[in-house]
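Colleague: Pasting in a structure now, in structure tokens, and then I'll have a few things to ask.
The values are calculated or read from the model by the stated rules, or taken from the named source; none is laboratory data. Since the model is a prediction, treat every value here as computed from it, not as a measurement. As a convention, Cβ positions derive from the backbone with ideal geometry for all residues, glycine included, and neighbour counts pool all protein chains shown. Each accessible area value is taken on the protein alone, full model and side chains, heavy atoms only, with ligands, DNA and RNA left out. Shrake-Rupley method; radii C 1.70, N 1.55, O 1.52, S 1.80 Å.
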Amino acid sequence: MPGIKIFFYILTAFIAGTLTLVYIQYNSSKNINTLINGNHKYLDEYKINSDLRELEKDVVRIESNISDFVSTNNTDFIKGLNEKMLEVQNYNDQLQQVADDETTVRLIDELDTVVQEKLAFGKAILDSFNDRGQVSAENLINTLKGKKLMDSVYLITDQIKESRHNLIKRLNDLNIRSGQKAERLNYVLIALTLVSAAALFWYIISIIQKLIYSERRVKEGVRVKENFIANISHEIRTPMNAIVGFTALLERRNLDEESKEYLRTIQKASENLLTIINDLLDLSKIEAGMMRIESTPFSIRALIYSVEVMFSTKAAEKNLQLYTHIDENVPEILEGDATRLTQVLVNLIGNALKFTNEGSITIRISNEGTEGSILRTGIKVKDTGIGIEKSKQGEIFNRFQQADDAVTRHYGGTGLGLSIVKELVALQHGTISVESEPGKGATFIIMLPYKIAAEQKQNVSLPDTGIKIGYDFPDKRILVVEDNEVNQSLVKHLFNEWHLQHDLAHNGKEAIQKLTETEYDLILMDIQMPEMDGYSATRKIREHLRLATPIVAMTAHALAGEREKRLSYGMNDYISKPIREEQLHKLISRFIGVGIEEKEKNEMPIRPDTFKYIHLEYMKEISSGNKEYEKTVSEQFIEAIPEDLEAIKNAWKDNNLTELRQLAHNMKTTISVMGLTDQLQSCLETLEYDDLSVEKFSRQFTILQAICNEALLEAKRFYSTI
């Protein structure tokens, strides 16, 4: 009994002491945080004062330079004027970020309005000088509007400083009190800590040592298992890659039917084994916490299209229909891990193909609601296969589990696919469930939260502006690199029907020769060819010829990871064999940006305010209803854009980066008149300032060219209405 009482006394004292320490530490930390926050606010106040002074100086300097330029016509006064205006805007933005009370926010908003008016007035003086001469500009200066605006700037900045003075005083008092409280509590905390440490030190240390030892053993076990799986997977993968590679080479030989059947069996078995190895590696990464979820912008429609292409051939082999549908209210560009989403879809669709012998497989993407900028992305993969009993549905997501042993014997597989899908969905903070009945197929339902990208204009598909898709591609030429005569005949037949000019090359070496002699708008590249394969040819095109021409791979193997592999070699996309007419036409239209015929003008009245790409607000503001001016600048835009695009392409081809950057810089002015700055600013900034690789230039130039081509069509339609 005495021993039990002592134990309870010690336990009570320990709990009481711990609670006391927690209380003191909490209050001490609270006061210290208050002190730190107060110091941060002090710094913010100094920054506000500094930014206000710099803003006043810059506004005065801009006004002075403009006046001097008007008086002397010396352009030295306005050099760097745009950069100085941007600095003023940056000061305004910084002030808005630091401001934290309603009065200051209101005053800074007023200041921003006045400063913008002041800058706009300066630009108006320059425009007046350029359009109507010195006298007109001086008359505008003499209106004293600029002085009034400057006086307003001084008045508002003084009000901001005054409003912040009282805040600084309150912060000072609060910091003094918080510092004193934190100091007293720290003394108490030190005393209690020393007393408690003497009694509990030995006990805590012993517990920590035991925990450390136990954790080391757990980590060592995980590491050993991880290394074993990784090593054995690597050792199996190396010979398996050789088997797959040489099987593909052997496939090109003249073999009798029995040998071909053996070869197909080897190939299928090899691919199945590689799938198992990939599953084991993914499982190992997830368990070791090495699976990282990235967040980058991606096109959901392009991703689903790639997955559809990937499985279309396999679905056709089983006489299954493969349908994809994306609701119209799903945004085009989302931010998330496109690679992991692809992996989830590949596993689910692969399962659906395995367990479905007739009927169809449907993939649907839906908008399940938004919370702020987060889209609840609904994903359904539905099949008409064998289905799953309700009692087994809770087990199929477990590792090494399938619906029952008969499924494993009949269909094969490790039972890892759905487990990995569940883990990947959970890592992306999503949910997954299944609905199924035996004999009636299964529907896997996923919800993944993806951020809606702020920039949604990367989608460069053809707009619905009274234009219909046709099969004519005037003034365009494609190079087809293909050694198979059957495929050559198919391409010739299709391209002749589409009135599409094209040349044929039988291998990569011949393609390189043709590209040095002729300029092409698109290259269709087979992968496996004699003398020089598609990968080697693509590298030479990108690295030696320095061409940014889009390259699309034609492949008979649409497996997971194929798209990423081709992109790494400098290709832009791929299309699966056997080639289907509709898919090929859609792909060519996407890269060339043509294949359209305008309807008769009287079929649809043209409304300049309904354009998708060009925006005429700025032009109309400047023109003030002057139709002659609108006609002139529209004509200049229509003439300049093709020339600028051609010049940029030639500068890249000639490796003249200085000229390329200058052209990109000048093009910002050309596109601004048609309101394209928001859509193309990022692209042109990249071309002007970034270190350009072949892949980066190709991607940015493709976007620039596609948007400009659409804008040209709209500009021509607008021009015809003036």
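Colleague: Along the Cα→Cβ direction, 7 angstrom out, place labels at Ser720 and Ile205. What is the inter-label distance in nm?
Modeller: Once both label points are built, they end up 9.0 nm from each other.
Colleague: Next question, about the same structure. Suppose R0 equals 30 Å. What FRET efficiency, 1/(1 + (r/R0)^6) with r the Cβ-Cβ distance, do Ile190 and Val218 give to the nearest 0.05? List each step's numbers first, then the result.
Modeller: Numbers: r = 36 Å, r/R0 = 1.20.
Result of the calculation: an efficiency of 0.25.
Colleague: Then there's this: Ranking request for peptides 119-129, 332-342: highest mean number of other beta-carbon atoms within 10 Å first, then the rest in descending order.
Modeller: Working: 119-129: 17.5, 332-342: 20.9.
The packing order, highest mean first, is 332-342, 119-129.
Colleague: What is the Cα centroid distance between region 338-353 and region 525-546, reported in whole angstrom?
Modeller: For region 338-353 versus region 525-546, the Cα centre distance is 30 Å.
Colleague: Still on this structure, I have one more. Where in region 417-453 does the label zone of Ser391 land, with the point 7 angstrom along Cα→C-beta and an amide N cut-off under 14 Å?
Modeller: 438, by backbone N distance to the label point.
Colleague: Which distance in nm do the two modelled labels at Asp93 and Asn49 give, with both placed 7 Å along the Cα-to-Cβ direction?
Modeller: Label-label distance for Asp93 and Asn49, simple model: 2.6 nm.
Colleague: Follow-up. Given the Cα-Cα distance of Thr518 and Glu162 and 0.36 nm per residue of separation, how much length would full extension add, in nm? Present the calculation step by step, with values, prior to reporting the outcome.
Modeller: Values: separation 356, 0.36 × 356 = 128.16 nm, distance 7.04 nm.
This chain segment gains 121.1 nm when fully extended.
Colleague: Here's a follow-up. Once amide H atoms are built 1.01 Å from N in the peptide plane, which residues 5 or more positions from Tyr574, or in another chain, come under 5 Å H to H?
Modeller: The list, which skips near neighbours in sequence, is Ala553.
Colleague: Hey, another quick one. Which value, in debye to the nearest 20, gives the size of the charge dipole of region 484-544 about its Cα centre, when Lys and Arg are +1 and Asp and Glu are -1 at the Cβ? Present the calculation step by step, with values, prior to reporting the outcome.
Modeller: Numbers: 6 positive and 11 negative charges, 31 e Å.
The dipole of region 484-544 has a size of about 140 debye.
Colleague: Quick check on my link table: of Lys390/Lys422; Lys696/Lys716; Lys147/Lys620, which ones sit more than 20 Å apart, alpha carbon to alpha carbon? Show your work: numbers first, answer last.
Modeller: On the way: Lys390/Lys422 18 Å; Lys696/Lys716 30 Å; Lys147/Lys620 28 Å.
Over 20 Å Cα-Cα: Lys696/Lys716; Lys147/Lys620.
Colleague: Can you list the residues, at least 5 places off or on another chain, whose amide H is less than 5 Å from the amide H of Gly359, using H built in the peptide plane?
Modeller: Gln321
Colleague: Here is a further query. Hey, can you rank 509-517, 297-305 by average C-beta count inside 10 Å, highest first? It would help to have the intermediate numbers written out before the result.
Modeller: On the way: 509-517: 16.2, 297-305: 19.0.
Highest to lowest by the protection proxy: 297-305, 509-517.
Colleague: Rounded to the nearest 0.05, what FRET efficiency is calculated for Ala640 and Thr12 with R0 set to 60 Å and r the Cβ-Cβ distance? Don't skip to the end; give the middle numbers.
Modeller: Details: r = 86 Å, r/R0 = 1.43.
Calculated transfer efficiency: 0.10.
Colleague: Once R0 is set to 25 Å, what does the formula 1/(1 + (r/R0)^6) return for the Cβ-Cβ distance between Leu250 and Arg539, expressed as a FRET efficiency to the nearest 0.05? Present the calculation step by step, with values, prior to reporting the outcome.
Modeller: Details: r = 25 Å, r/R0 = 1.01.
So, using R0 = 25 Å, E works out to roughly 0.50.
Colleague: Subtract the Cα-Cα distance of Lys148 and Gln501 from 0.36 nm times their separation in residues, and report this length gain in nm to one decimal. Each step should come with its number before you reach the end.
Modeller: Numbers: separation 353, 0.36 × 353 = 127.08 nm, distance 6.48 nm.
Going from the current span to full extension adds 120.6 nm.
Colleague: Under the rule of at least 5 residues apart or a separate chain, name every residue whose amide H is placed under 5 Å from the amide H of Leu375.
Modeller: Correct list: Tyr450, Lys451, Ile452.
Colleague: Then there's this: Ignoring ligands, DNA and RNA, please state the percent of accessible area on region 301-355 from carbon and sulfur, probe 1.4 Å. Could the numbers behind the result be given before it?
Modeller: On the way: 1040 of 2110 Å².
Answer for region 301-355 is 49 percent, counting heavy atoms of protein chains only.
Colleague: Fully extended, how many nm does the chain gain between Asp654 and Lys631 (0.36 nm per residue separation, minus their Cα-Cα distance)?
Modeller: Length gained between Asp654 and Lys631: 4.8 nm.
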